[in-house]
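All remarks here apply to the structure that follows.
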Amino acid sequence: MKFGVVVFPGSNCDHDAWYAVSHNLHQKAEFIWHDSPSLGDVDAVILPGGFSYGDYLRCGAIAKFSPVMSAIRKFAAEGGPVLGVCNGFQVLVETGLLPGALVRNAGLKFICRTGPVRVETTDSVFTHQAVNGQILHLPIAHGEGCYIADEHTLDRLEGEDRVALRYLENRNGSMRDIAGILSEGRNVLGMMPHPERAADPLMGGTDGLVILSSLAEAYAGHTASHLPALKI
């Protein structure tokens, strides 16, 4: 499987994601520059954390206009798996690939710590290796990680089983403790915690590997029932 890791000006977790995929998962990975009109022959896309375009205007607000995002929208519409982590999640909501918004943390302070999140659904290519209710200890590092949406959207996410991850220690004020959500097609996941920073024993834990390895195994065809749109 080949992962494409998008690099925006200001990305700072792109090499972390590349390392987790290539060294911890032993899958192919390549960088895709923000001004590329094409994704090439990648099978999955990761939008990494960082501060794309310096977070000017609003987190992800400028990145959504990058040429690569047109290719990503097309890729997602065709069923391609897209994982947005932290700033990547912010870019996805700004682009409209995921609903809601991410705003300043409660308390208006940057939060950088490892904390527990609970897997709320295993019905996705990103979580099928996990167990419903499984607790993952994942690092967070953000100043605008508070997820908000109108009540109708929140109810729909809950009703359609699209809340992927939920905080057990909600320090940023996210509505309904939401830490990660899925698109309607379940092939796009946005999450604020960093799985790539918990993918190597030297980093203190490997809980994040369940997200990345779920996708790699699903693509390999072992869980084809989760992949109606993927060409495997």
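The values are calculated or read from the model by the stated rules, or taken from the named source; none is laboratory data. These figures come from a predicted structure and were not determined experimentally. Ideal geometry is used to build each Cβ from the backbone, glycine not excepted, and the neighbour counts take in all protein chains shown.
Couple of notes before you dig in:
- Condition check for residue 115: out of contact with any helix residue (DSSP H, G or I) (no Cβ under 7 Å at 6 or more places or on another chain), surrounded by fewer than 22 Cβ atoms within 10 Å (Cβ to Cβ) and either farther than 19 Å from residue 17 by Cβ or not aliphatic (A, V, I, L, M) (or both): yes
- From the list 161, 150, the lone residue that is more than 13 Å from the chain's Cα centre (by Cα), of a type outside the set (Phe, Trp, Tyr) and within 17 Å of residue 93 (Cα to Cα) is 150.
- Which listed residue is within 14 Å of residue 179 (Cα to Cα) and of a type in the set (D, E, K, R), from 94, 78, 120: 120
- Residue check for residue 127: surrounded by 22 or more Cβ atoms within 10 Å (Cβ to Cβ) and of a type in the set (Ser, Thr, Tyr): yes
- Members of segment 184-202 found to be more than 13 Å from residue 141 (Cβ to Cβ) and over 11 Å from the mean Cα position of the chain (by Cα), listed by number: 184, 185, 186, 199, 200, 201, 202
- All strands (runs of 3 or more DSSP E) inside segment 128-232 with 2 or more residues being in contact with an Asp or Glu (Cβ under 6 Å, 6 or more places away or on another chain) and at pLDDT 95 or above: 135-142, 163-167
- Taking segment 1-103 and the strands (runs of 3 or more DSSP E) fully enclosed by it, the elements with 2 or more residues that are among the β-branched types (Val, Ile, Thr) and buried (at least 20 other Cβ atoms within 10 Å of the Cβ) are at 2-7, 44-47, 82-85.
- Any hit, segment 108-116, residues being over 25 Å from residue 50 (Cα atoms), in contact (Cβ under 8 Å) with a residue 40 or more places away in the chain, aliphatic (A, V, I, L, M) and not in a helix (DSSP H, G or I): no
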